[in-house]
Each structure stands twice: as structure tokens, then as C-alpha cells.
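Notes follow the structure.
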Amino acid sequence: MRLRHFEELGPVCPRCRTGGLGDHPLLLAVVERRSGDDIIEGILHCTNAQCMQEFPVIDGIPIIVPDVAQYINDFLWHITARDDLSAALETLLGDAAGPSSAFDSTRFHISSYAHDHWGEFDPEEASTAIKPGAVARCLNAGLDLLTAPLGDGPALDIGCSVGRSTFELAGRVGGLVVGMDLNFSMLRLARHILTDGEITYARRRIGLVYDRRAFDVPNAGAERIDFWVCNAMALPFPAHRFGALSAMNVLDCVPDPRALLAAFGTILRPGGVGVLATPYDWSNQATHPTGWIGGHSQRGISRGAAEPQLRALLRPQGGTGLRLVAEVADFPWHVRMHDRSTVSYSTHLVAVRAAGDDEPA
Ligand SMILES: C[S@@+](CC[C@H](N)C(=O)[O-])C[C@H]1O[C@@H](n2cnc3c(N)ncnc32)[C@H](O)[C@@H]1O
């Protein structure tokens, strides 16, 4: 966790915020390990005497979520996982743990997202039919739709996974950028790219067969970037803190997509800008159908279509504080599963701005 990001962005306690106790700044109370202005291990405290929640910084990644104990229990395997094993031993563990184990599901997700985010820099990837980099193309197409200047940030990349979109955002927006996600393993990889400009990951060939890939990747702008564990549904920032944000393919992953859009409207400064993409790939595990934007009730006015409902949420009185600037109805995005399978999506890409002070939410 870079001190500059912590001090300039001034995160507040998400537990107090979601509990209606107001915005209480966090304090860096304990530093166990540091490298220059980078806190590698430490503890943040909520400054509210009624709360005093502790938030750990582990492997340079602060964990700033409302229920820290629950998070640590859910992600303990990720937090304590080792990444120093040889490729041979890693594959042996994978065979022994088997499909659907925490080990296998983590490396599978990393294989898919590391491939799309960073595979274009892999010398061994050159000849494959699936062209990596879809998330970067999608984000840049969205940023190109914006009519207002992108400004000096700060900027937030929500659901950043292994970080490519965070670096792309930093390439287009001045000032500080934070990539945030709930998945600790993905952020650990993103942070490795940040500090070392290289990536090592297990790329799934088929079934439980994975090939280790290790290659250099560009990390321009690294000094302005940091990666934090935060829950998009409980952002630990005061209102109007950011000038720009991106949320690529996250809207259909959260329990309350409308509340997420409203949080974006709050977190952005008036006139701040954002890029959102979503394939509306709803699942009951992530979002109860009553929270879906479209995708149900085909007898209604929009006949179950999602796009008109999202547009309505991005109009004055839509309740989100966001305005639609421009959109692309179908932008290609894909997630590689293995050598013989890639899931292709068509995302709805929208560029938005936050309503001005004098405009209705
Ligand atoms: C479908 S993936 C998209 C990843 C990346 N943005 C991309 O387009 O390649 C959704 C990402 O959002 C993250 N995510 C899901 N729910 C979240 C939440 N409530 N807060 C923060 N991140 C979340 C997941 O861990 C995952 O990395």
C-alpha cells in the first residue's frame, strides 16, 4: 500500500459507513514491513472510538472491507497460499487437490483473466487464435466515447482482477489510480506486475493440465497505481472523492447492481466520468433475480431487455446520479477457459458522467 495513495485518497472505515456511523478516516497504526513509501505489512485502524476496527495490510495489499473477520475466513486460502513452488510441484498439488478444489478454482480463474489481461505480451501466445487484450480494448473504446476531458483523477478501477484495466486507466487519466477487487489472489498478481513488471501464472491447457508462463509486461505509470481489497458494495471513500472510474464486467457480479450504480454516482465528483461494461450475464449466485437489470419479466414494457432499463437508470431522476454520455450496444469480450474453449460475450459498453450539483439524481 503506497503511503501517497493512502494519504491523498483518505479511505474511511467501511464498517462505520455501512453501519450509518458516518465517515471516519483510517489511521496507519502499525507498520511491520515497508519498502520506501510502500507498506508491505501493517495494520490500519478506524479512528472512531466506538469502532476501532483493524484492517490488515498483507503483501502490500490493504484489506478495507466492512467485515474483516468474514473476509479473512473466506479468503484465508488465498492470503496464505504460497507462490514459490516449482511448476512441477504446483501441477502435482493440482492433480492431488482435484477439480473444484480451492486450489484448482483459483488457478483456473487466474488462468482465464491473466490470459486476457496480459497474454498479448506472452511470446508463446503469439500464434493462438484467441486474441488477448479484450478488456483493454473495451475500456479504451469506452474512454474514447467520453466527450469531457478525462482530467487528473484520482481514478478507481472497480473489479480490476489482475490489473490490466488499472494500468490502461492510468495511461489515460492523470493522478493516482486504485485498482480494487475482492479476490486477494488476483490482486497479488496485479501487485507483482506493479512492483516487478513481470507475470508468472499457470495457463490452463485442458482439465487439470496447466503450463507455467512467465514473461515481462509493461507497467508504465506504476508509481501512480495501487491495488486494494475493497467491496464495491461498501466503498471506503467519502462522497465525490474520484474524478474517473471504470467497472468492466462487474455490474452482473454484485448483489445489488442498482445500488452499485448509485455508489458510482456518489463516489464521483460532479462532472466526473466513468466507463462501464456488462454482458448482463446474470446468475442467481451473484444477484437475486429481483435485482437484475433486465433478464426477467418478459411480459413487461421492456420485454425483459436489459439495455433500456440501464439507460433509464442513467437518466435524470434515474436515481443513480449518473448520466449516459454514449454507448456501444455490442462490444466483444471473452474469457478463455482452456485450449479448446473460450466464452465469448457481447458487452453493453457505456460512458457516463456524474450529474452536476444542480442536476437531479
Ligand atoms: C467478471 S470479472 C471481470 C474482471 C475484469 N474487470 C475484466 O473485465 O476482465 C468480475 C471481477 O469483479 C470482482 N468482484 C465481484 N464482486 C465484487 C465486489 N463486490 N467488489 C469488488 N470486486 C468484485 C471479481 O473478483 C472479479 O475479479
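The values are calculated or read from the model by the stated rules, or taken from the named source; none is laboratory data. Bear in mind that the values here come from a model prediction, so they are computed numbers and not experimental data. Note that each Cβ is placed from the backbone with ideal geometry, even for glycine, and that neighbours are counted across all protein chains shown.
Values for this structure:
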read-out: In the stretch 156-176, the residues that are more than 14 Å from the ligand (Cβ to nearest atom) and within 15 Å of the chain's Cα centre (by Cα); value: Ala170
read-out: Residue list for the stretch 3-43, filter: of a type in the set (Ser, Thr, Tyr) and within 20 Å of Asp59 (Cβ to Cβ); value: Ser35
read-out: Residue match in the stretch 134-142 (condition: more than 14 Å from the ligand (Cβ to nearest atom) and either under 22 Å from Leu261 (Cα atoms) or surrounded by fewer than 23 Cβ atoms within 10 Å (Cβ to Cβ) (or both)); value: no
read-out: Residue within the stretch 65-80 that is outside the structural domain of Asp211 (by TED's automatic domain parsing), within 22 Å of Leu27 (Cα to Cα) and touching a helix residue (DSSP H, G or I) at 6+ places or on another chain (Cβ under 6 Å) present; value: yes
read-out: Tabulated pairs, the stretch 240-255, first away from the ligand (no atom under 12 Å from the Cβ), second polar (S, T, N, Q), C-beta under 8 angstrom, 6+ apart or interchain; value: His240/Thr266
read-out: Test set (1) touching a residue at least 12 places away in the same chain (Cβ under 8 Å); (2) more than 30 Å from His109 (Cβ to Cβ) - Gly294 fails condition number; value: (2)
